[in-house]
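Written below as structure tokens is the structure these notes are about.
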Amino acid sequence: MEECMKVIVGLGNPGKQYENTRHNAGFLVIDEVASKLGVSISTNKFKALIAETFVGTEKVVLVKPQTFMNLSGESVGEVMRYYDVDLEDLLVISDDMDITVGSLRLREKGSSGGQKGVKSIIDHLGSNEFLRLKVGIGKSTQIKTVDWVLGKIDEETAISLGAQCVSDFISGKRTDQLMNEYNIRV
């Protein structure tokens with residue numbers, strides 16, 4: 001097992017038509033983290049676009065599965081097996097309609113909450129014991145769910161805040177500290 005390693009996965013759908021949509025909040029957070037770290041997520045490996053870098057002595061692998069949301073577990077399973085990473089060093093970032101726009105929720109484990117990408121990861125890893133960062137995208141009472149999640153992301157969505165949470169995770173901040181700091185409703 002490699003020492004000092006974190007795998008950060010942002011969920012989304014590949015393709016121009018999905019860029020900057022609510023459903024791609026995970027991709028957007030990963031892109032911002034990559035920008036802060038000065039790396040490009042451009043290596044095509046494990047059915048994903050990845051970047052490997054170091055933050056101090058911590059190896060960090062940023063992952064954007066290219067399998068489409070509902071099959072994300074295929075890619076994440078390959079990454080986790082290849083790097084032989086403990087589940088406690090995995091962070092998965094996804095959108096969540098049940099969380100208010102502008103809010104984040106960090107969870108240590110649990111069900112998929114209806115998020116099909118997270119369900120696929122749980123199925124492929126055989127465990128729900130990994131950290132997830134849910135980015136609130138809210139919901140609309142007037143727009144169909146599929147049209148809402150595939151609509152353009154709102155400016156007030158907490159992408160930058162999510163990227164800061166990821167940076168704190170990478171730097172070794174404890175999960176309970178992260179939850180106290182970032183699980184705040186707007």
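Select from the stretch 1-31 the residues that are hydrophobic (A, V, I, L, M, F, W, C) and assigned to a helix (DSSP H, G or I) and list them in ascending order. If you could, list the steps in order and put the result at the bottom.
Kept after step one, since they are hydrophobic (A, V, I, L, M, F, W, C), are these residues of the stretch 1-31: 1, 4-5, 7-9, 11, 25, 27-30.
Scanning the stretch 1-31 gives Ala25, Phe27, Leu28, Val29, Ile30.
Looking at (1) loosely packed, with under 13 Cβ neighbours inside 10 Å; (2) over 16 Å from the mean Cα position of the chain (by Cα); (3) closer than 23 Å to Asn70 by Cβ, can you tell me which one Gln177 breaks?
Gln177 satisfies every listed condition except (3).
Which residue out of Ser127, Ser140, Ser160 is among the polar types (S, T, N, Q), farther than 26 Å from Met80 by Cβ and touching a residue at least 24 places away in the same chain (Cβ under 8 Å)? Spell out how you get there, then give the answer.
Numbers: Ser127 fails: farther than 26 Å from Met80 by Cβ; Ser140 fails: touching a residue at least 24 places away in the same chain (Cβ under 8 Å).
The match here is Ser160.
If you go through the stretch 128-144 one residue at a time, do you hit one that is among the acidic types (Asp, Glu) and either over 16 Å from Val9 (Cβ atoms) or surrounded by 22 or more Cβ atoms within 10 Å (Cβ to Cβ) (or both)?
Initial filter on the stretch 128-144 (among the acidic types (Asp, Glu)): 129.
Now narrow it down to the ones that are either over 16 Å from Val9 (Cβ atoms) or surrounded by 22 or more Cβ atoms within 10 Å (Cβ to Cβ) (or both): none.
Checking the stretch 128-144: not a single residue is among the acidic types (Asp, Glu) and either over 16 Å from Val9 (Cβ atoms) or surrounded by 22 or more Cβ atoms within 10 Å (Cβ to Cβ) (or both).
Scanning for something farther than 21 Å from Asp176 by Cβ and in contact with a Lys or Arg (Cβ under 8 Å, 6 or more places away or on another chain), does the stretch 117-130 turn up at least one residue? Give the derivation first.
Initial filter on the stretch 117-130 (farther than 21 Å from Asp176 by Cβ): 117-126.
Those still in the list that are in contact with a Lys or Arg (Cβ under 8 Å, 6 or more places away or on another chain) too: 118.
Yes, the stretch 117-130 contains at least one residue that is farther than 21 Å from Asp176 by Cβ and in contact with a Lys or Arg (Cβ under 8 Å, 6 or more places away or on another chain).
Within the stretch 50-73, how many residues are crowded, with 19+ Cβ neighbours inside 10 Å and assigned to a helix (DSSP H, G or I)?
3
Which condition does Asp89 not pass, out of (1) farther than 24 Å from Val149 by Cβ; (2) without any contact (Cβ under 8 Å) to a residue 60 or more places away in the chain; (3) not polar (S, T, N, Q), if it passes all the others?
The one condition Asp89 does not meet is (2).
Could you please find all residues in the stretch 1-16 being in contact (Cβ under 8 Å) with a residue 24 or more places away in the chain, out of contact with any Lys or Arg (no Cβ under 9 Å at 6 or more places or on another chain) and within 30 Å of Trp148 (Cα to Cα)?
Of everything in the stretch 1-16, those that are in contact (Cβ under 8 Å) with a residue 24 or more places away in the chain, out of contact with any Lys or Arg (no Cβ under 9 Å at 6 or more places or on another chain) and within 30 Å of Trp148 (Cα to Cα) turn out to be Val7, Ile8, Asn13.
Give the residue that is nearest to Gly77 (Cα to Cα), with candidates limited to residues of the stretch 35-62 that are touching a Leu at 6+ places or on another chain (Cβ under 9 Å) and of a type in the set (D, E, K, R).
Checked the stretch 35-62; the qualifying residue nearest to Gly77 (Cα to Cα) is Lys47.
May I ask you to list the residues in the stretch 73-117 that are farther than 16 Å from Met5 by Cα and hydroxyl-bearing (Ser, Thr, Tyr)?
Selection gives Ser75, Ser94, Thr100, Ser103, Ser111, Ser112.
Based on what the data block shows, is Thr21 of a type in the set (S, T, N, Q), touching a residue at least 24 places away in the same chain (Cβ under 8 Å) and under 23 Å from Gly136 (Cβ atoms)?
Details: of a type in the set (S, T, N, Q): yes; touching a residue at least 24 places away in the same chain (Cβ under 8 Å): yes; under 23 Å from Gly136 (Cβ atoms): yes.
Here the answer is yes, as Thr21 does meet what is asked.
Can you tell me which residues in the stretch 144-186 are assigned to a helix (DSSP H, G or I), polar (S, T, N, Q) and within 26 Å of Thr21 (Cα to Cα)? Before you say what the answer is, go through the steps one by one.
Of all residues in the stretch 144-186, those assigned to a helix (DSSP H, G or I) come to 145-149, 159-170, 175-182.
Next, from what is left, pick out any that are polar (S, T, N, Q): 145, 160, 164, 167, 175, 177, 180.
Matches in the stretch 144-186: Thr145, Ser160, Gln164, Ser167.
Yes or no: the stretch 104-119 includes at least one residue that is in contact with a strand residue (DSSP E or B) (Cβ under 7 Å, 6 or more places away or on another chain), farther than 19 Å from Leu150 by Cα and among the β-branched types (Val, Ile, Thr).
Taking every residue of the stretch 104-119 in turn, none turns out to be in contact with a strand residue (DSSP E or B) (Cβ under 7 Å, 6 or more places away or on another chain), farther than 19 Å from Leu150 by Cα and among the β-branched types (Val, Ile, Thr).
Name the residue, out of Ser160, Ser103, that is of a type in the set (Gly, Ala, Ser) and over 20 Å from Leu37 (Cβ atoms). Please lay out each step first, then the result.
Numbers: Ser160 fails: over 20 Å from Leu37 (Cβ atoms).
The unique qualifying residue is Ser103.
Quick note: the coordinates plus some simple rules give every number you see, no bench work behind them. This is a predicted model, so every value here is computed, not measured. Using ideal geometry, Cβ is built from the backbone for each residue, glycine included, and neighbour counts are taken over all protein chains shown.
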